[in-house]
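The values are calculated or read from the model by the stated rules, or taken from the named source; none is laboratory data. Remember, it's a predicted structure, so these values are computed and weren't measured experimentally. All Cβ positions, even for glycine, are placed from backbone atoms using ideal geometry, and neighbour counts span all protein chains on display.
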């Protein structure tokens with residue numbers, strides 16, 4: 001099942017699956033959302049106003065009541081990291097206007113370099129790009145040559161497994177406690193079926209042993 005989601009300010013829209021958090025839906029549709037707390041519901045930086053379709057969303061969580069006062073909640077504001085789509089329907093959202101911030105020093109320098117590069121003649125642009133490519137290739141080959149292949153392979157495997165575990169743990173940690181479900185314990189019926197299967201296997205083995213003895 002899916003729901004249609006519209007971000008009015010950015011003029012972006014798309015279809016998202018039931019169970020998707022507004023925060024994730026926004027990112028998938030190319031809408032930038034701030035998350036100063038790491039999207040764990042400890043700030044209001046990811047807040048956005050639901051203009052239409054609030055009935056298709058999950059109920060307000062404890063974190064939302066902590067960081068959004070009654071007036072903001074009445075106005076339709078929700079923490080996008082805490083609210084998820086629960087039913088099919090059309091949902092219209094208005095993100096909060098972003099505060100104008102000074103660009104970091106690195107970004108300013110990058111912009112200056114880009115402008116300088118654009119002003120260069122074509123021949124110098126090509127020469128600069130070739131020089132950068134040569135430096136990059138040289139550093140890459142040097143690293144590969146000086147690293148035993150089995151060590152590199154082992155490191156990559158460990159990093160991949162560790163990365164998957166971290167991603168899974170991170171997703172679970174960021175869910176609101178209202179949306180977390182405990183793993184179900186094995187039911188009595190499942191245990192009984194397992195016991196029956198084990199007993200059946202034992203009887204078959206005994207029957208086979210008796211048959212072998214008779215043949216002897």
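Residues of the stretch 62-75 being part of a loop (DSSP other than H, G, I, E, B) and either surrounded by fewer than 19 Cβ atoms within 10 Å (Cβ to Cβ) or in contact with a helix residue (DSSP H, G or I) (Cβ under 6 Å, 6 or more places away or on another chain) (or both), which ones? Scanning the stretch 62-75 gives 69, 75.
In the set (1) more than 26 Å from residue 69 (Cβ to Cβ); (2) out of contact with any helix residue (DSSP H, G or I) (no Cβ under 7 Å at 6 or more places or on another chain); (3) touching a residue at least 24 places away in the same chain (Cβ under 8 Å), residue 3 fails one condition alone, (2).
Of the residues making up the stretch 39-61, those that are closer than 12 Å to residue 80 by Cα, touching a residue at least 40 places away in the same chain (Cβ under 8 Å) and touching a strand residue (DSSP E or B) at 6+ places or on another chain (Cβ under 8 Å) are 41, 47, 48, 49, 50, 58, 61.
Among the residues making up the stretch 76-127, those that are modelled with pLDDT of 75 or more, exposed (fewer than 11 other Cβ atoms within 10 Å of the Cβ) and assigned to a loop (DSSP other than H, G, I, E, B) are 97, 121.
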